[in-house]
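**Q** Shown below is the structure under consideration.
The values are calculated or read from the model by the stated rules, or taken from the named source; none is laboratory data. It should be emphasised that the depicted structure is a prediction, and the values quoted were computed from it without experimental measurement. Here the Cβ positions follow ideal geometry from the backbone for every residue, glycine too, while neighbour counts run over all protein chains shown. Side chains included, ligands, DNA and RNA excluded: accessible areas come from the protein's heavy atoms. Shrake-Rupley method; radii C 1.70, N 1.55, O 1.52, S 1.80 Å.
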Amino acid sequence: MHTKDLIKLNNEKRSLLTKENEKYYSQMLSYVRTHFFLSEQHAEEILLELLDHLLEAQNNGKTAKEVFGDDLKAYCDELIRQLPNERRSSYFTFTGFLIMNLAGISITITGLAIILKHLFTGVEPTFYIGTAIVNFFIQACFIFFGIYVVLSWLKRSAFTESSNYLKDLLFLFFLFFVIGVCIIFIPKLIPSFGAQFSMNGYIVLLIGVIVWFSSEQMNKKFGLK
């Protein structure tokens with residue numbers, strides 16, 4: 001089965017668990033899925049196997065704690081050690097998809113900004129190729145850093161019993177606020193360099209849409225998200 005099909009089947013079968021067992025299994029699922037370098041296909045297959053095993057035990061009157069033990073983290077760590085890592089080609093494909101997707105969104109927003117600026121001021125901004133590349137690299141780094149921090153946070157909090165939702169919400173808000181400020185203001189500190197050119201906003205918008213659409217087609221072909 002394809003990874004997406006495994007995830008869909010997993011979600012359907014989880015609804016059959018009792019509230020207590022579903023909470024226990026969800027902790028396991030969250031912890032395993034936040035290990036980015038694991039083979040997603042193998043991870044989803046083993047998670048589905050464990051879910052089937054838990055459903056069978058539940059029908060026999062057993063709880064998840066009786067099936068997997070009291071130390072769920074240790075159980076998951078042992079499970080993860082037995083799973084293979086994702087292939088390097090998959091890393092490159094997924095990274096390429098993310099870069100294209102981010103570039104498409106960034107170029108599209110830039111095109112819209114140029115159009116609006118031209119409508120109100122009649123001026124089309126000047127671009128510098130070197131500066132544009134460096135700025136995009138900086139933005140991509142901050143976004144990847146944000147993803148890494150969120151995954152690390154989810155991994156650490158997977159087995160936390162008492163969850164402070166307000167604290168979690170403030171943490172996420174602060175994280176995205178800081179990343180947003182960095183993405184907006186740090187590129188402004190980069191001096192202009194490289195070939196200089198001006199481009200019509202509608203052309204920039206069209207390029208952005210094409211790049212974004214290409215990334216989505218890439219996603220459909222390889223099932224990346």
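**Q** Condition first: part of a helix (DSSP H, G or I) and surrounded by 16 or more Cβ atoms within 10 Å (Cβ to Cβ). Now tell me which residues in region 56-89 satisfy that. Spell out the reasoning first.
**A** Pass one, region 56-89, residues part of a helix (DSSP H, G or I): 56-59, 64-68, 72-81, 88-89.
Result: Ala57, Gln58, Ala64, Val67, Phe68, Leu72, Tyr75, Cys76, Leu79.
**Q** Against the condition in contact with a helix residue (DSSP H, G or I) (Cβ under 6 Å, 6 or more places away or on another chain) and either surrounded by 14 or more Cβ atoms within 10 Å (Cβ to Cβ) or not hydroxyl-bearing (Ser, Thr, Tyr) (or both), how does Ala132 come out, does it pass?
**A** no
**Q** If Ala158 satisfies all but one of (1) open to solvent by less than 50 Å² (accessible area, probe 1.4 Å); (2) under 23 Å from Phe97 (Cα atoms); (3) of a type in the set (A, V, I, L, M, F, W, C); (4) at pLDDT below 85, what's the number of the condition it fails?
**A** With (1) open to solvent by less than 50 Å² (accessible area, probe 1.4 Å); (2) under 23 Å from Phe97 (Cα atoms); (3) of a type in the set (A, V, I, L, M, F, W, C); (4) at pLDDT below 85 applied to Ala158, the lone miss is (2).
**Q** Determine the pairs where a residue that is farther than 18 Å from Lys23 by Cα, located within region 55-83, has a partner that is among the polar types (S, T, N, Q) with Cβ atoms under 9 Å apart, the partner being 6 or more residues away or on another chain.
**A** Leu83/Ser39
**Q** If you don't mind, another one. Of everything in region 5-22, what is assigned to a helix (DSSP H, G or I) and touching a residue at least 12 places away in the same chain (Cβ under 8 Å)? Give them in sequence order.
**A** Leu6, Ile7, Leu9, Asn10, Lys13, Arg14, Glu20, Asn21
**Q** Quick one: which residue in Phe142, Phe92 is of a type in the set (Phe, Trp, Tyr), in a helix (DSSP H, G or I) and within 30 Å of Ser192 (Cα to Cα)?
**A** After ruling out the rest, the residue left standing is Phe142.
**Q** What are the pairs, 6+ residues apart or on separate chains, where a residue within region 104-122 that is surrounded by fewer than 19 Cβ atoms within 10 Å (Cβ to Cβ) has its Cβ under 8 Å from a residue that is in a loop (DSSP other than H, G, I, E, B)?
**A** From residues that are surrounded by fewer than 19 Cβ atoms within 10 Å (Cβ to Cβ), the pairs are Lys117/Val123; Lys117/Glu124; Lys117/Pro125; His118/Glu124.
**Q** Leu166 versus (1) within 18 Å of the chain's Cα centre (by Cα); (2) within 30 Å of Tyr24 (Cβ to Cβ); (3) open to solvent by 80 Å² or more (accessible area, probe 1.4 Å): which is the lone unmet condition?
**A** With (1) within 18 Å of the chain's Cα centre (by Cα); (2) within 30 Å of Tyr24 (Cβ to Cβ); (3) open to solvent by 80 Å² or more (accessible area, probe 1.4 Å) applied to Leu166, the lone miss is (1).
**Q** So is Glu44 at pLDDT 90 or above and either assigned to a loop (DSSP other than H, G, I, E, B) or out of contact with any helix residue (DSSP H, G or I) (no Cβ under 7 Å at 6 or more places or on another chain) (or both) or not?
**A** No: the conditions fail for Glu44.
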